[in-house]
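The structure appears below as structure tokens.
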């Protein structure tokens, strides 16, 4: 059984970090009357508007790359200064991500004018933001302590403030960043590890138990870290009603072969751990990677593999190797379930056998299934392939008489009307429909024609003449497209091959 209302996801932006489209990443997640933003890299004011933002209950941010948090300071300023709001942004994330937001927003939020505009005043970050941690807090941390001579030193302490001895934890100062990182000796294996990477949030060795956010509407929001491998401090998000669950994996390199190496390979450090100098040192200036003996724990690996069970997943990808994102060619090396996965954060041009996300679409998760919401209708995903190009979205169906074809080269799919693709392998021919607001219309081959949505909501085909233009109401084929069969419009007044309904 599933809840009646389900989880609704409205896509505010879904393009990659270097997109010409410029929509970046952002989602509005709604259960009942509660709405949250997951990331705010997309233009939230354009997508939701000021009135809509007033109804947002909280903001969830996965990490501090600008394409995921670009509108954070604007949202904070809006909440403080917009008429009839005057409240703090309720922020849900981890301590590390919150610290990054605090540091990066100082120039925009740290000062302003007094209410009468007569003085420059300082404003604290906490005057804008009500932060709620949804990730467990570490039991050990680095602090800076003032010495008697006025200098400062770093030290590792536990939650009670007691100093941790150097045989259990050390501080590394990177010569490149000058920022301290914690090296920790795992009590079970004896390996030196970086604990923020090594342990999952479920680990009782390094983390305290965390309580997820529980909404009065009956759902929870919790942070997950096990499957998120991105380099910068990052979290994934799991929102669950008990009957439904949706996971936003955020930017990550999801590859089982890589993950297995991370926990199985032990790195030997050529004796650099030997001797009194290392044993007694509390602070070391150098590269921490020269001393990490294992990157992931086995516990983190198994948590990562199980993170997506029973959930619909919005998963960020790249078309070719990008180091910090999942490569489309490696999707068969993930644990993702294709029918319940929607790919997002992709390049401007991409062809996929997996469902592609698209800005302004709405999805509804009920039970373990996901459907697209178009008006008052819910549609399953029935296309064989999906294609995005120049800000347009297309659904492709296998058809022996199709005018276009899907080709594959080095694991990457291409859509082309050219019958010869060199060394590429022909996958199949397809019939293509342009997706306009979730409605499907046959691909227009004429260069002087295009679709346009009218003020009354209907879509018409516009044909440009030399001195004039002509419009015809177009027929939405989506309700009549049977799965894995040649599509046809079967509405009254339309022949199976008809392109337009004259209404």
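With respect to (1) in contact with a strand residue (DSSP E or B) (Cβ under 8 Å, 6 or more places away or on another chain); (2) over 29 Å from residue 41 (Cα atoms); (3) not in a strand (DSSP E or B), the lone exception for residue 360 is condition (2).
Summed over the range 388-415, residues that are more than 23 Å from the chain's Cα centre (by Cα) and either assigned by TED's automatic domain parsing to the domain that holds residue 13 or not in a loop (DSSP other than H, G, I, E, B) (or both) total 11.
Hey, among 100, 161, 110, which residue is under 31 Å from the mean Cα position of the chain (by Cα) and free of Cβ contacts under 8 Å to residues at least 24 places away in the same chain? Steps first, answer last, please.
Numbers: 100 fails: free of Cβ contacts under 8 Å to residues at least 24 places away in the same chain; 161 fails: under 31 Å from the mean Cα position of the chain (by Cα).
After ruling out the rest, the residue left standing is 110.
None of 305, 313, 295, 323 is farther than 23 Å from residue 398 by Cβ and in contact with a helix residue (DSSP H, G or I) (Cβ under 6 Å, 6 or more places away or on another chain) except 295. Per the conditions (1) touching a residue at least 40 places away in the same chain (Cβ under 8 Å); (2) closer than 26 Å to residue 364 by Cα, the sole criterion not satisfied by residue 401 is (2). Summed over the range 16-62, the residues that are under 17 Å from the mean Cα position of the chain (by Cα), part of a loop (DSSP other than H, G, I, E, B), touching a residue at least 40 places away in the same chain (Cβ under 8 Å) and on the phi > 0 side of the Ramachandran plot give a count of 1.
So which residues in the range 307-357 are at positive phi and more than 17 Å from the chain's Cα centre (by Cα)?
Of the residues in the range 307-357, the ones at positive phi are 310, 323, 345.
Scanning the range 307-357 gives a single hit, 310.
For the range 142-168, which residues satisfy the criterion of being in contact with a helix residue (DSSP H, G or I) (Cβ under 9 Å, 6 or more places away or on another chain) and surrounded by 14 or more Cβ atoms within 10 Å (Cβ to Cβ)?
Start the filter on the range 142-168 by keeping residues that are in contact with a helix residue (DSSP H, G or I) (Cβ under 9 Å, 6 or more places away or on another chain), which leaves 166-167.
Scanning the range 142-168 gives a single hit, 166.
When residue 385 is tested against the conditions (1) buried (at least 18 other Cβ atoms within 10 Å of the Cβ); (2) out of contact with any strand residue (DSSP E or B) (no Cβ under 7 Å at 6 or more places or on another chain); (3) farther than 27 Å from residue 68 by Cβ, the lone failure is (2). Among the residues of the range 234-247, are any in the same structural domain as residue 11 (by TED's automatic domain parsing), farther than 22 Å from residue 368 by Cβ, modelled with pLDDT of 95 or more and crowded, with 20+ Cβ neighbours inside 10 Å? Yes: one or more hits. Within this structure, residue 227 fails the test of being outside any helix (DSSP H, G or I), assigned by TED's automatic domain parsing to the domain that holds residue 318 and within 15 Å of residue 138 (Cβ to Cβ). Scan the range 238-260 and give yes if some residue there is in contact with a helix residue (DSSP H, G or I) (Cβ under 8 Å, 6 or more places away or on another chain) and in a strand (DSSP E or B), otherwise no. For the range 238-260, residues in contact with a helix residue (DSSP H, G or I) (Cβ under 8 Å, 6 or more places away or on another chain) and in a strand (DSSP E or B): present.
The values are calculated or read from the model by the stated rules, or taken from the named source; none is laboratory data. If you're wondering where the values come from, they're calculated on a predicted model, not measured in any experiment. Positions of Cβ are backbone-derived with ideal geometry, glycine not excepted, and every protein chain shown enters the neighbour counts.
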